[in-house]
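A quick write-up on the structure given underneath.
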Amino acid sequence: VLHRLLGSQASFSRTLGIIGYSLVPIVITTLLLLLLDKVPWLPLLLKLAGIFWAAYSAGSILTSDAPELERRRPLLIYPVFLLYWFLMSLHGGA
């Protein structure tokens, strides 16, 4: 969907690889959540920070070799953000 929506020359496998490599912040956030799950408001802040970090890094990598996509970065980051939010919600809800 991202490939067709943005009209980029990036292949499907490249896009899938970038989204996969951008899961590293989600993994780091999940490990932190296992350690810092006692404070009631901290997990939500950690989840949001990890998701924003991952979505922004995916958007930066996907737009790095295509300057014409730079103005479409928010359009690119939004569906990636939703995907990462879903994946993070599998960890513990919300």
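For the reader, a short list of remarks on this structure follows.
- Top-ranked residue in the stretch 12-53 [being farther than 16 Å from L90 by Cα and crowded, with 18+ Cβ neighbours inside 10 Å; ranked as modelled with the highest pLDDT]: S22
- Selection from the stretch 35-53 of residues that are without any contact (Cβ under 8 Å) to a residue 40 or more places away in the chain and of a type in the set (A, V, I, L, M, F, W, C): L35, L36, V39, W41, L42, L45, L46, L48, A49, I51, F52, W53
- Qualifying residue in the stretch 73-89 (condition: of a type in the set (G, A, S), open to solvent by less than 80 Å² (accessible area, probe 1.4 Å) and touching a residue at least 12 places away in the same chain (Cβ under 8 Å)): no
- Looking across the stretch 54-64 at every residue that is open to solvent by 60 Å² or more (accessible area, probe 1.4 Å) and in contact (Cβ under 8 Å) with a residue 12 or more places away in the chain, the one that is nearest to S11 (Cα to Cα) is identified as I61.
The values are calculated or read from the model by the stated rules, or taken from the named source; none is laboratory data. Here the structure is a predicted model, which means the values were calculated and not measured. Please note: Cβ atoms are built from the backbone with ideal geometry, for glycine as well, and neighbour counts cover all protein chains shown. Only protein heavy atoms, including side chains, enter the accessible area calculation; ligands, DNA and RNA are left aside. Shrake-Rupley method; radii C 1.70, N 1.55, O 1.52, S 1.80 Å.
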